[in-house]
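The values are calculated or read from the model by the stated rules, or taken from the named source; none is laboratory data. Owing to the predicted nature of the structure, the values given are computational and were not obtained by experimental measurement. We place every Cβ from the backbone using ideal geometry, glycine too, and count neighbours over all the protein chains shown. Surface accessibility is based on the protein's heavy atoms, side chains included, excluding ligands, DNA and RNA. Shrake-Rupley method; radii C 1.70, N 1.55, O 1.52, S 1.80 Å.
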Amino acid sequence: MTQTPSYIAWTRDQMAARIANDIEDGAVVNIGIGMPELVANHLSPNKEILLHSENGILGMGPRPAADAVDPDLINAGKQPVTLLDGGAFFDHSLSFAMMRGGHLDIAILGAFQVAENGDIANWSTGKPGAIPAVGGAMDLAVGARQVFVMMEHLTKDGQSKLVHRCSYPLTGLGCVTRVYTDLAVLDVTADGFAVRELCQGMSLEMLAALSGLTLAAA
Amino acid sequence: MLSKVRTSALDALADVRDGATIMVGGFGNAGMPMELVDALIQQGAKDLTIVSNNAGNGTTGLAALLAAGRVRKVICSFPRQTDSFVFDELYRAGKVELELVPQGNLVERIRAAGAGIGGFFTPTGYGTPLAEGKETRVIDGKGYVLEYPIHADVALIKGRLADRWGNMVFRKTARNFGPIMASAAKVSVAQVEEIVELGTLDPETVVLPGIFVSRVVAVGKSARAAA
């Protein structure tokens, strides 16, 4: 298995740029903790995209300068952020009504696995001794109008994170609409994954073999 | 005269009993009522059930309460953090019980308690391990889980300003669970930076009406800087 792959996988920044490019002007978006945080760096200044944070922000701005950090103004990852002009603060009940009630256009989540029926597993690997924690992931999964997943296509051991059915504990059922990996962009359809875009040097057949799945062209 | 003002945090918590269920506001350290939690440690009540989003950060606040061995059970959504080593150790040693609740269900269960709702059907968690053993229903083709309210004996919250009737305003993302938790407890205790005269707070922008606040303690602005 030392053979050099014939394809060139996208970098995380390239993945983030693809996602940012697909977000429409005026969209309300929740960016999850972890890899999706990179998407914020690639949002076009020519679009007005409203960022929601589960802890009570709509219109969240970038990280402040070190001397302007306010411990009362943090994001879901508990990192310091700012508020844009026009932004608003609200309590947790209202924030989760926005999430669960279908008011967010897009949630961008990291994941351990996404299944071809749209199921997502991203909160627990079920490992014994691990401290279970779920936060707002399940609310975003069921509530956002579109759920985008950003993740590596393969685990470190070369196992596909796109699967027929999730083996890890589920976060939400049938909710993922699109997956951005370092190898491809795929839509979740009624017939399974449909490939929208492939990284350089990748073929549909090669991706299907790596994924262990039947893949259609979008 | 109606005055909910107490002279000290310890005075405001004098009647907390062993075995009480206590809601603690805050998301991480934003909105965490540190002075009230410190007073609770000093007050001595034990065998507590804590309802809070996280399970303590570092070695202060909730983490210190946990370290003091005063907590029997934690109901929260996200106990696993890089600096939650106190909880981690107690949990792994089987010394504290955990009820893990998805964050939106956590706040809605608290809201339901405050609003007099006996239970509600939520899509969050449906079909996942966190809904195992719970009643479910399919409504208009979508699956829902029956969740019950979480009531508390005491809520500890942090705001920016209050008047003596308990009307309150908050600061930025430190609001989070505060106003909701205040509605769900028999006794809700608020720490604020400053207590202002009646009529000072703009009635159009009062976030938490005083009816939900039992006791108010001014702790000054040091609380914010220390967060």
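Per the listing A:ILE74, A:ILE31, A:ILE8, A:ILE57, the residue uniquely over 22 Å from B:ALA30 (Cα atoms) and either over 13 Å from the mean Cα position of the chain (by Cα) or modelled with pLDDT of 95 or more (or both) is A:ILE8.
When B:ALA93 is tested against (1) touching a residue at least 40 places away in the same chain (Cβ under 8 Å); (2) open to solvent by 10 Å² or more (accessible area, probe 1.4 Å); (3) of a type in the set (A, V, I, L, M), only condition (1) is not met.
Is one or more of the residues making up region A:85-95 under 30 Å from B:THR122 (Cβ atoms), in contact with a Pro (Cβ under 6 Å, 6 or more places away or on another chain) and not aromatic (Phe, Trp, Tyr)? Before the answer, list the steps.
Going through region A:85-95, the residues under 30 Å from B:THR122 (Cβ atoms) turn out to be A:87-95.
Checking the rest, the ones that are also in contact with a Pro (Cβ under 6 Å, 6 or more places away or on another chain) come to A:91.
Still in the list and also not aromatic (Phe, Trp, Tyr): A:91.
Yes; the residues of region A:85-95 include at least one that is under 30 Å from B:THR122 (Cβ atoms), in contact with a Pro (Cβ under 6 Å, 6 or more places away or on another chain) and not aromatic (Phe, Trp, Tyr).
Where strands (runs of 3 or more DSSP E) sit wholly within region A:133-218, those with at least 1 residues that are more than 14 Å from every other protein chain (Cβ to nearest Cβ) and surrounded by fewer than 19 Cβ atoms within 10 Å (Cβ to Cβ) occupy A:146-150, A:184-189, A:192-198. Within region B:53-65, which residues are closer than 24 Å to B:ASN105 by Cα and in a helix (DSSP H, G or I)? Listed by number, the residues that qualify are B:LEU62, B:ALA63. Once region B:96-139 is narrowed to residues that are farther than 30 Å from B:ILE211 by Cα, small (Gly, Ala, Ser) and in a loop (DSSP other than H, G, I, E, B), the residue that is least open to solvent (accessible area, probe 1.4 Å) is B:GLY125. Selection of region B:18-52 for residues being assigned to a loop (DSSP other than H, G, I, E, B), at pLDDT 95 or above and out of contact with any Phe, Trp or Tyr (no Cβ under 8 Å at 6 or more places or on another chain) yields B:ASP18, B:GLY19, B:ALA20, B:MET32, B:PRO33, B:GLY44, B:ALA45, B:LYS46, B:ASP47. For region B:193-217, filtering for residues that are small (Gly, Ala, Ser), on the phi < 0 side of the Ramachandran plot and either surrounded by fewer than 19 Cβ atoms within 10 Å (Cβ to Cβ) or in contact with a helix residue (DSSP H, G or I) (Cβ under 9 Å, 6 or more places away or on another chain) (or both) leaves 1. Contact map, region B:117-134: first residue at the interface with chain A (Cβ under 9 Å from one of its Cβ atoms), second residue assigned to a loop (DSSP other than H, G, I, E, B) and not aliphatic (A, V, I, L, M), Cβ cut-off under 7 Å, separation 6 or more or different chains; pairs are B:THR124/B:PRO102; B:GLY125/B:PRO102; B:THR128/A:PRO169; B:THR128/A:THR171; B:PRO129/A:PRO169; B:LEU130/B:PRO102. For region B:77-85, the condition holds for no residue, the condition being that it is in a helix (DSSP H, G or I), charged (D, E, K, R) and within 12 Å of chain A (Cβ to nearest Cβ). In region B:192-220, the residues that are touching a residue at least 60 places away in the same chain (Cβ under 8 Å) reach residues that are in a loop (DSSP other than H, G, I, E, B) and open to solvent by 60 Å² or more (accessible area, probe 1.4 Å) with C-beta atoms within less than 6 angstrom, at least six apart or across chains, in these pairs: B:GLY210/B:TRP165; B:ARG215/B:ARG6; B:VAL217/B:ARG6. Inspection of region A:123-144 identifies at least one residue that is modelled with pLDDT of 95 or more and over 30 Å from B:TYR91 (Cβ atoms).
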